[in-house]
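A.B. asks: Let me begin by handing over the structure; questions about it come next.
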Amino acid sequence: MRALITGGGGFLGSHIAGLLHARNDEVVVLGRNRYPHLESNGTRTIQADLRDAQAVARACEGMDCVFHVGALVGIWGKRRDYWSINVDGTRNVIEGCRKHGVPKLVYTSSPSVVFDEGEMCGVDESQPYPPNHLAAYPETKAAAERLVLAANGSGLATIALRPHLIWGPGDSHLIPQVIAQAREGRLVQVGDGTSRVDVTYIDNAADAHLLAADALDPSAACAGKAYFLSQGEPVQLWPWLAEILDAVGAPAVRRSISFRTAYWLGAALELFHRAVGSKRQPWMTRFLATQLSKSHYFDITAARRDLGYRPRVATSEGIRRLIASLTSGPQAT
């Protein structure tokens with residue numbers, strides 16, 4: 001298979017590229033930077049922005065599958081930037097696939113596309129999109145997912161994958177940021193600490209993308225559908241984080257605030273940051289307060305059935321590998 005990965009220099013994209021290389025597939029990565037760690041393995045890189053429709057279309061030429069992983073992530077920023085990259089950029093990928101007859105498109109979505117302000121306990125893909133989202137990221141990922149699924153047809157088979165909270169060795173965002181906040185004394189528990197959430201180990205998330213690409217064709221059961229992905233065993237968020245913090249010698253979280261306090265504080269901070277035109281992410285937002293205090297875990301039965309997805313790395317083993325990586329490198333100092 002000849003595959004293009006948008007955002008292939010990132011955490012998930014690099015792992016997908018590695019798995020494709022391991023089975024001797026040809027890999028091309030599109031991103032805004034150069035990626036020596038991928039080029040050293042024979043990956044060809046194309047420096048381009050997802051908003052450049054012509055460059056994206058050229059990159060799609062001759063491909064058997066496009067893994068559209070690239071996106072603007074985070075919980076704060078200008079809505080127009082999220083829209084232009086996540087939605088218009090996805091539209092460019094779809095049009096590039098159509099122009100050059102790419103038969104398969106695997107899109108990396110997010111469970112946040114269906115997330116509202118309530119608890120989500122074991123919901124499946126029948127969960128509808130909410131009428132409103134609390135941040136530009138889930139709003140634009142939902143809009144992009146709709147585009148991808150609507151594009152499914154005889155000439156282009158599409159699928160959307162929704163991995164939740166990807167983590168593991170090599171991640172520079174999720175767990176390292178939590179550790180940094182704890183060391184700086186800025187990490188505060190939101191809620192009573194009993195919320196259960198899904199997490200996805202990096203190897204399992206990458207595996208699922210290859211399974212989706214291999215299963216996908218116009219007549220496949222998975223064509224034109226979205227799928228939740230996770231470890232299949234939700235964790236209690238705050239005790240799970242506490243285990244990691246303790247293992248790397250970071251201070252324990254000793255302060256907590258209620259969801260209601262965090263939510264309205266987040267609303268006030270959002271208004272203030274917008275009013276002064278601040279580019280810095282507020283300490284708290286409504287979306288973050290909800291994510292940190294409400295249970296949100298999902299039924300992965302459909303992914304098991306239609307894709308043959310099985311989390312091959314258990315959460316306990318993933319934690320062992322993560323802690324080993326954190327305590328053997330510069331992050332532990």
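Since every read-out is calculated from the coordinates, none of them should be taken as a lab result. Only a predicted model underlies this, so the values are computations on that prediction, with no experimental measurement involved. Cβ atoms come from the backbone with ideal geometry, glycine included; neighbour counts cover every protein chain shown.
A.B. asks: Quick one, what does Rg over Rh come out to for the chain if you take C-alpha atoms and the Kirkwood Rh?
C.D. replies: 0.95
A.B. asks: Next question. Could you state the principal axis extents of the C-alpha atoms in the stretch 40-118, from the largest down, to the nearest angstrom?
C.D. replies: Principal extents (Cα only, largest first): 44, 29, 23 Å.
A.B. asks: Arranged by the count of other C-beta atoms within 10 angstrom, fewest first, what order do His296, His37 take?
C.D. replies: His37, His296
A.B. asks: Take the alpha carbon atoms of the stretch 126-231, find their radius of gyration, then divide it by 2.2 N^0.38 Å using N residues; give the quotient.
C.D. replies: Expressed relative to 2.2 N^0.38 Å, the Cα Rg reads 1.32.
A.B. asks: Ranking Lys104, Lys78, Lys141 by Cβ neighbours within 10 Å, fewest first, what do you get?
C.D. replies: Ordered from fewest to most neighbouring Cβ atoms within 10 Å, Lys104, Lys78, Lys141 come out as Lys78, Lys104, Lys141.
A.B. asks: Can you tell me what the convex hull of the Cα atoms of the stretch 210-256 projects to on average, as an area in nm²?
C.D. replies: If I average the Cα hull's projected area over directions, I get 5.7 nm².
A.B. asks: Quick check: residue separation of Arg280 and Asn24 times 0.36 nm, minus the Cα distance between them. What number comes out in nm?
C.D. replies: Computed gain between Arg280 and Asn24 is 87.9 nm.
A.B. asks: How large is the translational diffusion coefficient of the stretch 188-301 in µm² per second when you combine the Kirkwood radius over alpha carbon pairs with Stokes-Einstein at 4 °C and 1.567 mPa s?
C.D. replies: 77 µm²/s
A.B. asks: Compute the length gained on full extension between His37 and Asp217: take 0.36 nm times their separation in residues and subtract their Cα-Cα distance, giving the result in nm to one decimal.
C.D. replies: 61.6 nm
A.B. asks: May I ask for the angle, rounded to the nearest 10°, between helix 89-99 and the longest principal axis of the chain, with both axes built from Cα atoms and the value confined to 0 to 90°?
C.D. replies: 20 degrees
A.B. asks: Relative to the longest principal axis of the C-alpha atoms of the chain, give the angle of the C-alpha long axis of helix 174-183, reported between 0 and 90° and rounded to the nearest 10°.
C.D. replies: Once rounded, the angle reads 20 degrees.
A.B. asks: Return the distance in nm (one decimal) between the two label points of a simple spin-label model at Gln236 and Asp64, each offset 7 Å from Cα along Cα→Cβ.
C.D. replies: It works out to 4.7 nm between the two label points.
A.B. asks: Suppose R0 equals 56 Å; then what is the FRET efficiency for Met1 and Gln181 from their Cβ-Cβ distance, rounded to the nearest 0.05?
C.D. replies: Once rounded, the FRET efficiency stands at 0.85.
A.B. asks: What lysines could a cross-link reach from Lys78, if we take a straight Cα to Cα line under 20 Å and drop same-chain neighbours fewer than 8 places away?
C.D. replies: Counting by Cα, and skipping residues close in sequence, Lys78 has these lysines nearby: Lys141, Lys279.
A.B. asks: Exposure proxy check: Leu210, Leu265, Leu174 ranked by fewest other beta carbons within 10 Å?
C.D. replies: With the sparsest Cβ surroundings first, the list reads Leu174, Leu265, Leu210.
A.B. asks: At 0.36 nm per residue, minus the direct Cα-Cα distance, what do Arg310 and Arg254 gain on full extension? Give it in nm, one decimal, please.
C.D. replies: 16.5 nm
A.B. asks: Once you list every other residue whose beta carbon is under 12 Å from the beta carbon of Asp88, what net charge do they have if Lys and Arg are +1 and Asp and Glu are -1?
C.D. replies: Value of the local net charge: -1.
A.B. asks: Taking 7 Å along the Cα-to-C-beta vector as the label spot, tell me the Ile46-Val188 distance in nanometres, rounded to one decimal.
C.D. replies: Each label point is offset 7 Å from its Cα along the Cβ direction, giving 4.6 nm.
A.B. asks: Hey, another quick one. Taking only Cα atoms, what is the 0 to 90° angle, nearest 10, from helix 136-150's long axis to the longest principal axis of the chain?
C.D. replies: In the chain, helix 136-150 runs at an angle near 30 degrees to the longest axis.
A.B. asks: Based on the mean of other beta carbon atoms within 10 Å per residue, what is the order of 88-98, 298-308, most packed first?
C.D. replies: Put in order of decreasing packing, that is 88-98, 298-308.
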